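Coordinate-derived values only; no laboratory data. In this text, all values refer to a predicted model and were calculated from it rather than measured experimentally. Here the Cβ positions follow ideal geometry from the backbone for every residue, glycine too, while neighbour counts run over all protein chains shown.
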Amino acid sequence: MSEQELATYHPINQSRSSKRLVYVLFAVVLHSVAFLILGLIFLRVRSPTLRLSTAAVTGLSHGNNSFVNATVVVGAHLLNPNFGRFRFGDGHVTLVHENTTIGSGSIGWGSVGGRGRRDMNVTVSVGYYNIVNNLSNSDVFGIIGVRAIWEVRGEVRVMGSMRRRRSAVVDCTFGLNVTRQGIQHLLC
């Protein structure tokens with residue numbers, strides 16, 4: 001017998017290599033879908049929520065209905081719905097009566113952890129003059145309508161490298177009662 005007759009040829013198994021290719025492609029697609037879903041959940045950046053919790057008056061003084069001096073302490077909760085840390089800087093509170101700023105205060109730098117909450121208090125000095133006409137025209141004598149606007153700007157850091165700028169704003173109204181020396185009808 002010659003060598004050609006002794007050599008047996010085995011066909012290459014095509015089905016086995018094509019199955020391996022299908023499994024590899026399926027694994028790549030499955031990993032891509034998993035990373036896409038995780039990215040949409042953890043890397044999505046939402047704006048923090050600011051909720052006014054308290055407002056109190058201390059040291060309220062007025063004279064002959066011509067001026068009002070007071071110190072208003074405003075408290076709020078800053079809620080971070082993101083998985084990354086929210087770092088903010090120099091937020092401010094403005095108290096407005098009839099389109100006139102009657103007081104303002106600021107908070108310094110700070111941060112809220114991922115999916116965390118931070119309580120903040122700001123002291124605002126209120127000085128308002130020439131209110132004789134405004135008090136007599138108000139619905140209830142002795143109550144000054146005040147609008148409080150609190151804004152905090154900062155950035156959310158996700159995965160240590162992604163930074164997204166976000167801000168939280170709350171706009172509330174309340175009545176500053178001069179005769180009872182307190183705050184009424186806090187509405188956000």
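Rounded to the nearest 0.05, what FRET efficiency is calculated for residue 54 and residue 173 with R0 set to 22 Å and r the Cβ-Cβ distance?
Numbers: r = 15 Å, r/R0 = 0.68.
It comes out at approximately 0.90.
Please compute the net charge surrounding residue 26, taking Lys and Arg as +1 and Asp and Glu as -1 over other residues with Cβ under 15 Å from its Cβ. The partial results should precede the final answer.
Numbers: positive: 19, 20; negative: none.
Neighbourhood net charge equals +2.
A simple spin-label model places the labels of residue 161 and residue 73 4.6 nm from each other, with each point 7 Å out along Cα-to-Cβ.
Radius of gyration (Cα atoms) of the range 42-188, expressed as a multiple of 2.2 N^0.38 Å: 1.21.
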